[in-house]
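Encoded as structure tokens, the structure appears first; notes follow it.
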Amino acid sequence: MNYIELQLHVSPDYTDILTAELAELGYESFVETDEGLNAYVTETDFNEEAVQELLDKYDSQTAIAYQVSSLEKRNWNAEWERDYEPIEVASQVRVRASFHKMDARFRYDIVINPKMSFGTGHHETTAMMLEQQLNLDFVEKAVLDVGSGTGILAILAAKMGAESVLAFDIEEWAVENAHENAELNDCPQITVFQGTISEVDPANRYHVVLANINRNVLLAEIPIYTSLLTEKGYLVVSGFYEHDASDIQQKSTESGLIFVNHMTNREWTSLMFQKN
Ligand SMILES: C[S@@+](CC[C@H](N)C(=O)[O-])C[C@H]1O[C@@H](n2cnc3c(N)ncnc32)[C@H](O)[C@@H]1O
């Protein structure tokens, strides 16, 4: 499948908000550049009018110029090798690519070759999810990873002792990448499929559900995640802004969950709940 590269020339103050807005329009990966932001979307999901509308929204606040180019299939590994630095979470987790050397000071070494999937730990939401996971007990637990991207959250759960992790994503390339990453990290307990929550057997029960997606999907699906949790099971969510946290919290409480923890990083938020 061919991709479109959208190059935005914009102040660094606006790259986060534009990343979130473009993710809502189906853009799959983002690279911050000296000029601003490059965003990538499949040709089928590209809609120049939607881009124009989005940029018009910010026009009165900042100057934004853009350029669109069509990319033939390219070597995403080479792209990432140029841009990808390892990241560290709470002095316990280090996420690196296979071309970085391992650092034995970290308890959990995660190797992610991201290609086109979201989830290298570089995004605040992923880093917060990983940090929330460090506060949970995964030993012999069953885990569900909704919107698994690279599979990074599933991999940490597996490395922390989970017995089984079911991960899924709507995007084929994400599923392929999560498969590869699960193998690369020697995590045979991870199963990945392409699809949505509706394909998860409602009779299944999970001790932990991880969902780093977005506000709208979470609001629609939190009742389903809750029904899939074991008694005292945990739901950890992210992918939304601080100003949406109250809506997410209200939906979770209505579904029978108890609030446990709140984390914020820049304007992004992650919440943890426990089933009653
Ligand atoms: C913000 S990324 C998170 C990826 C990874 N879990 C992480 O924490 O870095 C959200 C992922 O959810 C997927 N996604 C979006 N809507 C979805 C849905 N309704 N069901 C399953 N996956 C979805 C996207 O394709 C994307 O890979």
Qualifying positions in the stretch 185-199 - within 10 Å of the ligand (Cβ to nearest atom), open to solvent by 80 Å² or more (accessible area, probe 1.4 Å) and not hydroxyl-bearing (S, T, Y): Q194, E199
Residues within the stretch 200-212 that are assigned to a loop (DSSP other than H, G, I, E, B) and either away from the ligand (no atom under 14 Å from the Cβ) or touching a residue at least 60 places away in the same chain (Cβ under 8 Å) (or both), tallied: 5
Test for V139: is it among the β-branched types (V, I, T), buried (at least 24 other Cβ atoms within 10 Å of the Cβ) and not in a helix (DSSP H, G or I): no
Residue match in the stretch 241-248 (condition: in the same structural domain as S270 (by TED's automatic domain parsing) and not in a helix (DSSP H, G or I)): yes
Condition met for V175 (within 15 Å of the ligand (Cβ to nearest atom), in a helix (DSSP H, G or I) and open to solvent by less than 20 Å² (accessible area, probe 1.4 Å)): yes
Search result, residues across the stretch 220-276 that are touching a Lys or Arg at 6+ places or on another chain (Cβ under 9 Å), in contact (Cβ under 8 Å) with a residue 60 or more places away in the chain and open to solvent by 60 Å² or more (accessible area, probe 1.4 Å): Y234
V68 surrounded by fewer than 18 Cβ atoms within 10 Å (Cβ to Cβ) and either at pLDDT below 95 or of a type in the set (A, V, I, L, M, F, W, C) (or both): yes
Filtered residue count, the stretch 146-169, keeping only those that are open to solvent by 10 Å² or more (accessible area, probe 1.4 Å), part of a loop (DSSP other than H, G, I, E, B) and away from the ligand (no atom under 12 Å from the Cβ): 3
Subset of the stretch 1-55 [modelled with pLDDT under 90 and in contact with a helix residue (DSSP H, G or I) (Cβ under 7 Å, 6 or more places away or on another chain)]: F30, V31, E32
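The values are calculated or read from the model by the stated rules, or taken from the named source; none is laboratory data. Values in this document were obtained by computation on a predicted structure and should not be read as measured data. Virtual Cβ from ideal backbone geometry, glycine too; neighbours counted across all protein chains shown. For the accessible areas, the whole protein counts, side chains as well, though only heavy atoms, and no ligand, DNA or RNA atoms are used. Shrake-Rupley method; radii C 1.70, N 1.55, O 1.52, S 1.80 Å.
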